[in-house]
Amino acid sequence: MKITMAHGSGGRATGELIEQIFAKNFNNEVLDKMEDSAVVAGNKKIAVTTDSFVVDPIEFPGGDIGRLCVCGTVNDLLMRGAKPQYLTCGFILQEGADTEVIRRIVESMAETAREAGVQIVAGDTKVVEGNGGMYINTAGVGFVEEDVEISAQQCTPGDVVIISGNMGDHHATILGCRMGIENTIKSDNAPLNEMVNALLTNKIKVHTLRDITRGGLATVLKELAQTSKCTIRLKEDSIPVSPQVRDFCGLLGLEPYYMGNEGKMVAIVAKEDAAKALELIRSSRYGQDAAIIGEVTDEEAGELWMETAIGGIRSLEILQGEGLPRIC
Amino acid sequence: MNLETIKKYLKEYDGEEVALMEVCGSHTGAISKFGIPTLLSKKIRLISGPGCPVCVTPSAYIDRLIELCKEPDTCVATFGDLMRVPGSEKNLSLAKGEGGNVRMVYSPMELLTLAKENPTTNYIFAAVGFETTTPVYALLLESLIRENIKNVKLLTALKTMPAAINWLCASGAPITGFIAPGHVSVITGSDIFKPLADKYGIPFAVAGFQGEEILEALYGLVKCQGSGKVMNFYPKVVTAEGNTVAQKKVATYFEESSAVWRGMGAIEGSGLLLRKEYAEFDAGSADLNEDKKLNKACRCDQVLMGKISPTECPLFRKVCNPMNPQGACMVSEEGSCHQYLVNNRR
């Protein structure tokens with residue numbers, strides 16, 4: 001069945017769509033009440049975030065917009081040391097969208113939400129003219145323990161820079177789909193609960209966490225260096241990139257350090273805890289390729305320097321220009 | 001020779017000052033990417049040359065494309081990096097926003113399919129490039145003729161390197177050696193630089209695009225200062241005589257002409273135009289000579305000639321940046337100003 005403007009009318013067609021696809025998959029005691037807003041328990045510091053997802057194509061190797069819209073918001077909560085609890089979701093469907101595709105996307109969202117330990121407690125659907133596409137907005141709430149203080153301002157000279165795995169997989173996947181380049185690269189879209197929980201429960205001195213999404217590693221680290229007024233030094237040959245993504249980049253003249261990811265984070269941790277932190281991330285789900293890639297120094301405020309494979313020093317800037325639109 | 005020995009030599013070099021120009025934009029990119037300037041002695045200066053085809057395209061050419069894209073039943077097809085190159089008033093990206101019919105393609109050969117699928121649209125391909133790209137345009141013409149496709153024309157801005165290098169040397173640019181363009185040399189062969197090396201008594205080194213390959217070429221150039229030697233450090237793909245099949249195809253459809261280089265003016269024998277017998281495929285490429293600056297303070301011309309470093313331009317980073325390029329060197333990823341900015345070269 002195809003979506004028509006009637007599915008956004010708020011009437012019977014809307015009700016059927018919600019009942020048959022959304023409510024069926026997202027069922028939990030809060031959502032099932034179908035009230036105007038969700039009332040949930042909570043007595044801790046809360047983290048709140050929101051993100052909109054417009055990825056094109058909506059289904060791609062290794063994931064889809066449904067998995068992506070849960071992971072994106074969950075990971076943003078995790079990066080402040082929060083334990084993700086609740087999500088809301090707003091669907092903007094274009095006329096002509098196939099309900100079977102919507103069903104698959106919603107099932108994928110529900111499964112990812114279960115994996116990430118969050119409940120989808122509120123939602124909305126609108127239909128607009130168009131040609132069968134869809135956008136999803138998710139907002140999320142997480143609880144933060146009193147003693148947890150993780151922020152972009154806390155990179156400290158002496159700290160060690162760890163990334164949780166290979167760079168560029170998601171970006172290469174989306175670009176490969178759009179350009180029709182045959183390959184077996186898969187998106188890395190994943191919720192990073194397990195590795196963040198491991199760091200927090202083991203009382204690792206984590207100063208900063210950031211998910212490495214649009215703009216890529218270089219943009220994220222340059223921004224951290226600016227916010228924390230420090231220098232970050234990297235070693236190029238320690239940055240993990242899969243051979244296939246490396247070749248894909250070579251073919252298209254791209255650099256993995258500027259490519260977006262959807263299931264990777266950078267952790268800036270105190271030097272004395274670095275080895276333990278690396279071990280914890282590596283033994284967590286989605287963290288097996290984690291690596292120490294550099295260190296924080298007090299040389300100059302806001303600088304990101306990389307020692308290249310032949311020993312030269314390269315200064316990295318934030319991504320300039322457009323990058324790849326509609327990657328998430 | 002071993003890499004460490006080369007690196008040690010280049011870092012500790014303490015002889016006469018040398019100024020080496022990498023002509024090719026891809027080399028400018030690779031030099032930044034591998035952090036090569038930090039591996040050199042202060043006595044070795046690198047200069048970025050005019051080897052980015054987009055950067056040297058004059059404003060009149062862009063203006064003509066903008067006019068064409070607004071004509072009825074006409075579509076201008078182009079590589080993406082030409083979209084933001086400034087014309088005298090605006091660029092193709094803005095013209096597209098105003099309703100101009102502009103289409104980005106990855107290969108000129110896509111025109112064959114497009115032209116057949118849309119027989120009532122006249123396609124104009126923005127055929128910009130050096131010796132490396134021209135053979136593809138020759139192949140496109142060959143297919144257009146073979147398949148009797150009449151709704152594709154080329155607006156050419158084709159350039160060739162040797163006459164431009166000659167012009168640079170003759171104009172007194174302070175250059176004591178050239179990293180010769182690797183991709184161009186695949187087509188032309190390394191021998192093409194011999195007459196220039198002899199005439200000016202300066203060395204040329206054909207180089208690949210990996211860090212080690214560039215360091216090897218720099219080492220060769222420093223060692224051979226003052227000699228008219230042509231060295232090939234990219235022998236896996238470059239031969240002395242080049243790709244003669246490609247050279248013949250190009251010669252079938254194109255002939256030597258004068259060409260206008262942005263900021264440098266007209267250089268005799270530095271371009272290619274379609275031969276008269278193929279005039280029906282030409283969208284009016286000759287005489288697009290005007291070259292207005294968008295911003296009078298822009299010093300792209302002196303950057304292209306190696307007379308100043310991009311950072312010495314008063315507009316650099318402040319007014320002129322990749323989001324708001326004032327001159328062509330900031331537009332293309334191969335442009336020297338773009339490279340200096342995104343890599344914080346000083």
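The values are calculated or read from the model by the stated rules, or taken from the named source; none is laboratory data. In this text, all values refer to a predicted model and were calculated from it rather than measured experimentally. Using ideal geometry, Cβ is built from the backbone for each residue, glycine included, and neighbour counts are taken over all protein chains shown.
The table for this structure:
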{"item": "Test for B:ALA173: is it more than 14 Å from chain A (Cβ to nearest Cβ) and part of a helix (DSSP H, G or I)", "result": "no"}
{"item": "Any hit, segment B:27-39, residues being away from chain A (no Cβ under 13 Å) and hydrophobic (A, V, I, L, M, F, W, C)", "result": "no"}
{"item": "Residue check for B:GLY201: closer than 30 Å to B:GLY265 by Cβ, among the small types (Gly, Ala, Ser) and modelled with pLDDT of 95 or more", "result": "yes"}
{"item": "Test: residue in segment B:107-118 that is within 14 Å of chain A (Cβ to nearest Cβ) and touching a residue at least 60 places away in the same chain (Cβ under 8 Å)", "result": "no"}
{"item": "Among the residues listed as B:LEU82, B:LEU94, B:LEU46, the single one being within 30 Å of B:PRO119 (Cβ to Cβ) and either within 14 Å of chain A (Cβ to nearest Cβ) or surrounded by fewer than 21 Cβ atoms within 10 Å (Cβ to Cβ) (or both)", "result": "B:LEU94"}
{"item": "Every residue from segment A:176-223 that is touching a helix residue (DSSP H, G or I) at 6+ places or on another chain (Cβ under 7 Å), aliphatic (A, V, I, L, M) and within 14 Å of chain B (Cβ to nearest Cβ)", "result": "A:ALA218"}
{"item": "All strands (runs of 3 or more DSSP E) inside segment B:1-113 with 2 or more residues being closer than 30 Å to B:THR176 by Cα, of a type outside the set (Asp, Glu) and touching a Leu at 6+ places or on another chain (Cβ under 9 Å)", "result": "B:18-24, B:44-51"}
{"item": "Tally of residues being polar (S, T, N, Q), touching a Lys or Arg at 6+ places or on another chain (Cβ under 9 Å) and in a helix (DSSP H, G or I) across segment A:212-227", "result": "0"}
{"item": "Hits in segment B:36-52 - residues which are among the β-branched types (Val, Ile, Thr) and touching a strand residue (DSSP E or B) at 6+ places or on another chain (Cβ under 7 Å)", "result": "B:THR38, B:ILE44, B:ILE47"}
{"item": "Test: A:VAL196 is part of a helix (DSSP H, G or I) and buried (at least 21 other Cβ atoms within 10 Å of the Cβ)", "result": "yes"}
{"item": "Condition met for B:ALA240 (under 29 Å from B:GLU142 (Cβ atoms), among the small types (Gly, Ala, Ser) and out of contact with any Asp or Glu (no Cβ under 9 Å at 6 or more places or on another chain))", "result": "no"}
{"item": "Strands (runs of 3 or more DSSP E) contained entirely in segment A:256-315, each with at least 1 residues that are surrounded by fewer than 19 Cβ atoms within 10 Å (Cβ to Cβ), away from chain B (no Cβ under 12 Å) and of a type outside the set (A, V, I, L, M)", "result": "A:291-297"}
{"item": "Strands (runs of 3 or more DSSP E) contained in segment A:79-165 and holding at least 3 residues under 25 Å from A:ILE58 (Cα atoms) and not charged (D, E, K, R)", "result": "A:83-94, A:119-128, A:134-144"}
{"item": "Enumerated helices (runs of 4 or more DSSP H) restricted to segment B:228-346, each holding at least 2 residues that are surrounded by fewer than 17 Cβ atoms within 10 Å (Cβ to Cβ), more than 14 Å from chain A (Cβ to nearest Cβ) and at pLDDT 95 or above", "result": "B:244-253"}
{"item": "Any hit, segment A:212-228, residues being in contact with a Gly (Cβ under 7 Å, 6 or more places away or on another chain), over 20 Å from A:ALA309 (Cβ atoms) and β-branched (Val, Ile, Thr)", "result": "yes"}
{"item": "Looking only at segment B:63-90, and only at residues there that are over 19 Å from the mean Cα position of the chain (by Cα) and among the polar types (S, T, N, Q), the one that is farthest from B:LEU155 (Cα to Cα)", "result": "B:SER88"}
{"item": "Conditions (1) part of a helix (DSSP H, G or I); (2) of a type in the set (Phe, Trp, Tyr); (3) closer than 26 Å to B:GLU268 by Cβ: number failed by B:PHE178", "result": "(1)"}
{"item": "Selection status of B:THR57, under 30 Å from B:ALA217 (Cα atoms) and out of contact with any helix residue (DSSP H, G or I) (no Cβ under 8 Å at 6 or more places or on another chain)", "result": "no"}
{"item": "Selection within segment A:228-243 - buried (at least 17 other Cβ atoms within 10 Å of the Cβ) and part of a helix (DSSP H, G or I)", "result": "A:SER228, A:GLU236"}
{"item": "Subset of segment B:62-77 (residues that are buried (at least 24 other Cβ atoms within 10 Å of the Cβ) and closer than 23 Å to B:MET264 by Cβ)", "result": "B:ILE62, B:LEU65"}
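Each row is one residue, and each column tells you yes or no for (1) outside the structural domain of A:GLY117 (by TED's automatic domain parsing); (2) hydrophobic (A, V, I, L, M, F, W, C); (3) within 30 Å of A:GLU145 (Cβ to Cβ); (4) part of a helix (DSSP H, G or I).
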{"site": "A:GLU16", "(1), (2), (3), (4)": "no, no, no, yes"}
{"site": "A:GLU19", "(1), (2), (3), (4)": "no, no, no, yes"}
{"site": "A:GLU29", "(1), (2), (3), (4)": "no, no, yes, no"}
{"site": "A:ASP32", "(1), (2), (3), (4)": "no, no, yes, yes"}
{"site": "A:ASP36", "(1), (2), (3), (4)": "no, no, no, no"}
{"site": "A:GLY42", "(1), (2), (3), (4)": "no, no, yes, no"}
{"site": "A:THR50", "(1), (2), (3), (4)": "no, no, yes, no"}
{"site": "A:GLY72", "(1), (2), (3), (4)": "no, no, yes, yes"}
{"site": "A:ASP76", "(1), (2), (3), (4)": "no, no, yes, yes"}
